[in-house]
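The values are calculated or read from the model by the stated rules, or taken from the named source; none is laboratory data. Since the model is a prediction, treat every value here as computed from it, not as a measurement. Quick reminder, even Gly has a Cβ in these numbers, built from the backbone with ideal geometry, and neighbours come from all protein chains shown. When the accessible area is computed, the model is the full protein with side chains, heavy atoms only, and any ligands, DNA or RNA have been set aside. Shrake-Rupley method; radii C 1.70, N 1.55, O 1.52, S 1.80 Å.
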Amino acid sequence: MRYTALRQRMVEELGEVRADTLARDHVLAALGERTVDEALEDGWDPKRVWSVICEAFEVPKSRR
């Protein structure tokens, strides 16, 4: 998964404003106490980041 695909999925699932806020401000323990943006900057795979988001926000398996 590419970064752009991750962002698109985040927008589709959470809405544009919430996706932007989540990526920038919301610290997730499963990302090593990082935000989405920080995890990506630190080299995390976007597919793994999406998986963490799905778990944290209970995204149904059919939309993962």
Inset, instruction - Filter segment 9-18 for residues that are under 10 Å from the mean Cα position of the chain (by Cα) and either open to solvent by 80 Å² or more (accessible area, probe 1.4 Å) or farther than 18 Å from E55 by Cα (or both) and give the result. - result: R9
Inset, instruction - Go through (1) of a type outside the set (G, A, S); (2) without any contact (Cβ under 8 Å) to a residue 40 or more places away in the chain; (3) in a helix (DSSP H, G or I); (4) surrounded by 11 or more Cβ atoms within 10 Å (Cβ to Cβ) one by one and return the number of the condition W44 breaks. - result: (3)
Legend entry - Members of segment 19-40 that are within 13 Å of A56 (Cβ to Cβ), part of a helix (DSSP H, G or I) and more than 10 Å from the chain's Cα centre (by Cα): A29, A30
